[in-house]
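Novice: Have a look at this one before I ask anything.
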Amino acid sequence: MPEQRRVIATLVEHKPGVLFRVSGLFRRRNFNIESISVGPVDPETARMTITINADENTLRQVVEQLSKLLDVIEVTELRSSKAVIRELALIKVTTQDPAKRSDVIQYANIFRGRVVDVYARSLIVEITGTPDKIDAFIELMQEFGVREIARTGITALSRGFEALEVKGR
Amino acid sequence: MFGIPGGANIPLCDVLYESPIRWVLARHEQCAAHMAEGYARASGAVGVCVATSGPGATNLVTGIADAYMDSTPIVAFTGQVPRAMVGMDAFQEADIIGISTPVTKYNFQPRSANEIPEVVKKAFYLASTGRPGPVLVDLPKDVQTEVSEIEFPEKVVVRGYRPNRDPDPLQVKKAAEMLLEAERPVILAGGGVVNANATAELVSLAEYLLTPVETTLMGKGAFPENHPLSLGLLGMHGTRMSNAVTLEADLILAVGMRFSDRTTGNPREFAAGAKIIHMDIDSAEIGKNIRADHAVVSDAKKGLRALLSAVAELAARRQDTVWSKRVRELKDQLNGEGKTNSSPLSPPKLMKHLRELLPSEGIVTTEVGQNQMWAALHFQALTPRTYITSGGLGTMGFGFPAALGAKVAKPSTPVVDIAGDGSFIMTEQELATSVVEKIPVLVTVLNNSVLGMVAQWQRLFYNRRYFGVNLKGVPDFAKLADAYGAEGRRVESYGDFRRAVAEAVRSEVTTVIDIPISPEENVFPMIPPGKSLKDMLWE
């Protein structure tokens, strides 16, 4: 079974220590986290989106072990064909040569990115998209010189009406 | 309540001053945790242990980890430094929440007195429901002393927790069909059957289908070992008949167990010719170690009951079958106790004598190592909760404090710790607890003056390069017992042994029986580590 990128969406208790329990589980069971992003959805609940590289069997184990954590309320895998998967990146590009500055801005436009900070020797591009798209943009920027990158990690929602929600007991 | 007070839990201990709760003062926190485990395993109720902050709390960890591996319901209360000092590396501060998280089902640190009722109720609820396990409650000292008007909740809700779901009827029906289609089925029962009190259901199903039953170490006692369908233990030190029957089986119904490596040997080769139905309360166990052809997620009691009704709807009670004849034949052929050394007292024979001397509800606990495996192979457990051992973690020193906990739970039942000298030394100071708190148990020390199981591995797999295993016959266990005010005996013959056991059981005085055995003695059968059932060594 091939290893590939898997996106797992979870609803968790929104309280201290939960991230520790989740990351501890990954360490303890020898699962590798590619990225993890967390944000509150209501005062008691947070949504945690976890990306891993794993085969089917490991994925099943991860989902089962996550479900077992008492602070994890719901878990599901989001298959890329059936989900909107996004990542946000901020990329600081070196623009020592003013002639190249407009090239960077043009590339950013093509990728539907935005220039959000301009400085004499650099500018920051904000770009949103799938991880592949962001990888491609960063690759393009290498010729100008990439000074700093911040990526949020993947966040995702399933397509259609279906939703991950806290079920009644 | 088993525990030790200290600076950070004095307020908690202070309220016990006028409480009807029995307090048993342990002499080491690890033992307090094992006592709570022994209490829980013997009674089915939650065991409680108490320690102070820092070293008190960290000393509990081995016992908590043991309870986690063996799905034993205990609640541990630890003291903690006052809230304002948490994180300042205060005196006797340890991050016990961080330390215990991987070995507890859950843990809590209430930050105000108002949280305590809900936290405590949740702790007992979580420890005892679903797949049982240890829960830790860490109480900062100023939270213990805070005075507040508090409401006690009737019910607690944990959103991410769904214990005790009913088995899915379709999963059950398919399992029933597979079971009936199989020509050579065998049932493999684990500790989940004991935890769910499902022995009656297991016996009914096995008898209905004339299916032989083998157990894991934790499952010992889940099925009466004097039953004609019982094959005993399966695994690294399983019986010859269990291992042989498993190799011939075409279907294994595994109930309330997790396919530990000590049960399966090499997981890729385990019962390669058999289909596997895995019934367990914890869905995360399905497919974790061993592929399952079919799964029923359920506790053993509900699952086995549903399975029997599904089977009974499809087929009549089985009379003699070709397979049941074959199983009987294998049982008769392979029933020997194996070759023992030239020592005057053979551990397998001692186990058989002990069985004769104890009532069927008599409880044995074991230490870890050869003593544990001789007991597992040769001491027949006839009823559930009478064979209490450290299965998953394999904690030497477990048996004696666990025996004390079991005796507190069942004061009128004789309790015997089947020990080795190496293990007993690890927690022997609890003789003080046993004597002072009037918790009489019997310790039978199979004394070979070596760390016997390690020596056995060095003998078999390391070319007899014995290293770090020689205990040199120290201490004199009879004198040691005497020093604590307990009874100490050294026996030289089976007659001596029988008399000493009978006297200890009758007198209800804490007794240590020192039994010299040969350091060359091996536990057989044995499957070498990493090998599979077919590679079993017999001598």
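Just so it is clear, none of the values below were taken in a lab; they were calculated from the coordinates. For clarity, every value in this text was computed on a predicted model and none was experimentally measured. Ideal geometry is used to build each Cβ from the backbone, glycine not excepted, and the neighbour counts take in all protein chains shown.
Novice: Could you tell me what fraction of 2.2 N^0.38 Å the Cα radius of gyration of the range B:347-532 comes to, as a two-decimal ratio?
Specialist: On the way: Rg = 15.6 Å, N = 186, 2.2 N^0.38 = 16.0 Å.
Normalised Cα radius of gyration, the range B:347-532: 0.97.
Novice: Could you tell me the largest-minus-smallest coordinate of the C-alpha atoms of the range B:285-386 on each of the three principal axes, in descending order and whole angstroms?
Specialist: 54, 33, 32
Novice: Considering only DSSP beta bridges whose two residues both sit in chain B, what percent are antiparallel, to the nearest 5?
Specialist: Values: 2 of 62 bridges.
DSSP beta bridges in chain B are roughly 5 percent antiparallel.
Novice: Here's a follow-up. Find out how many positive minus negative residues lie around B:Tyr494, taking Lys and Arg as positive, Asp and Glu as negative, among other residues whose Cβ is under 12 Å from that of B:Tyr494. Please list the in-between numbers first.
Specialist: Numbers: positive: B:Lys349, B:Lys352, B:Arg498, B:Arg499; negative: B:Glu356, B:Glu492, B:Asp496.
Surrounding charge for B:Tyr494 is +1.
Novice: Please report the projected area of the range A:33-160's Cα convex hull averaged over all directions, in nm².
Specialist: The Cα convex hull of the range A:33-160, projected and averaged over all directions, gives 9.8 nm².
Novice: For the range A:4-78, what ratio Rg/Rh do Cα atoms give with a Kirkwood hydrodynamic radius?
Specialist: Details: Rg = 11.3 Å, Rh = 12.2 Å.
Using only Cα positions, Rg/Rh for the range A:4-78 is 0.93.
Novice: How big is D, in µm² s⁻¹, for chain B by Stokes-Einstein at 25 °C and 0.890 mPa s if Rh is the Kirkwood radius over C-alpha pairs?
Specialist: Once the numbers are plugged in, D ends up at 102 µm²/s.
Novice: Sticking with this structure for a sec: Which one of B:Pro5, B:Gly394, B:His278 is farthest out on the positive end of the charge dipole of chain B, using unit charges on Cβ (Lys, Arg +1; Asp, Glu -1) and the Cα centre as origin?
Specialist: Result: B:His278, furthest along the dipole toward the positive end.
Novice: How much length is gained if the chain between B:Phe152 and B:Asn114 is pulled fully straight, taking 0.36 nm per residue apart and subtracting their Cα-Cα distance, in nm to one decimal?
Specialist: Values: separation 38, 0.36 × 38 = 13.68 nm, distance 0.93 nm.
Extra length from B:Phe152 to B:Asn114 when fully extended: 12.8 nm.
Novice: Just to be sure I understand: of the beta bridges DSSP finds with both ends in the protein assembly as shown, what percent are antiparallel, rounded to 5?
Specialist: Close to 45 percent.
Novice: Another one. Residue separation times 0.36 nm, minus the C-alpha to C-alpha distance between B:Asn164 and B:Asp95: what's the value?
Specialist: 21.6 nm is the gain from fully extending B:Asn164 to B:Asp95.
Novice: Can you give the charge dipole size of the range B:2-145 about its Cα centre, rounded to the nearest 20 debye, using +1 on the beta carbon of Lys and Arg and -1 on the beta carbon of Asp and Glu?
Specialist: So the magnitude is around 340 debye.
Novice: Of B:Ala310, B:Gly488, B:Gly256, which is farthest along the charge dipole of the protein assembly as shown in the positive direction, counting Lys and Arg as +1 and Asp and Glu as -1 at C-beta?
Specialist: Ranked along the dipole, the leading option is B:Ala310.
Novice: Could you tell me the largest-minus-smallest coordinate of the C-alpha atoms of the range B:2-145 on each of the three principal axes, in descending order and whole angstroms?
Specialist: 39, 33, 29
Novice: Report, in debye and to the nearest 20, how large the dipole of the range A:84-155 comes out about its Cα centre when Lys and Arg carry +1 and Asp and Glu carry -1 on their Cβ.
Specialist: Using only the charged Cβ atoms, the result is roughly 200 debye.
Novice: To continue, here is another question. How far apart, in nm, are two points set 7 Å out from the Cα along the Cα-to-Cβ line at B:Ala84 and at A:Glu3?
Specialist: 5.1
Novice: Of B:Lys438, B:Lys288, how do they rank once you tally other Cβ atoms within 10 Å and put the fewest first?
Specialist: Taking fewest neighbouring Cβ atoms as first place, the list is B:Lys438, B:Lys288.
Novice: Further question on the same structure: Direction-averaged shadow area of the convex hull around the Cα atoms of the protein assembly as shown, nm²?
Specialist: 37.3
Novice: Sticking with this structure for a sec: Enumerate the whole-percent occupancy of each 10 Å bin, from 0 to the last occupied one, for all C-alpha pair distances of the range B:62-115.
Specialist: 21, 49, 26, 4
Novice: Highest GNM mean-square fluctuation, chain A, Cα pairs closer than 10 Å: which of A:Glu44, A:Glu87, A:Glu34?
Specialist: Among A:Glu44, A:Glu87, A:Glu34, the largest GNM mean-square fluctuation belongs to A:Glu44.
Novice: Please give the charge dipole size of chain B, origin at the Cα centre, charges +1 on K and R Cβ atoms and -1 on D and E Cβ atoms. Round to the nearest 20 debye.
Specialist: So the magnitude is around 1140 debye.
Novice: Also, I was wondering about something else. For the range B:434-539, what's the radius of gyration and Dmax over Cα atoms, in angstrom?
Specialist: According to the Cα coordinates of the range B:434-539, Rg and Dmax are 17.3, 50 Å.
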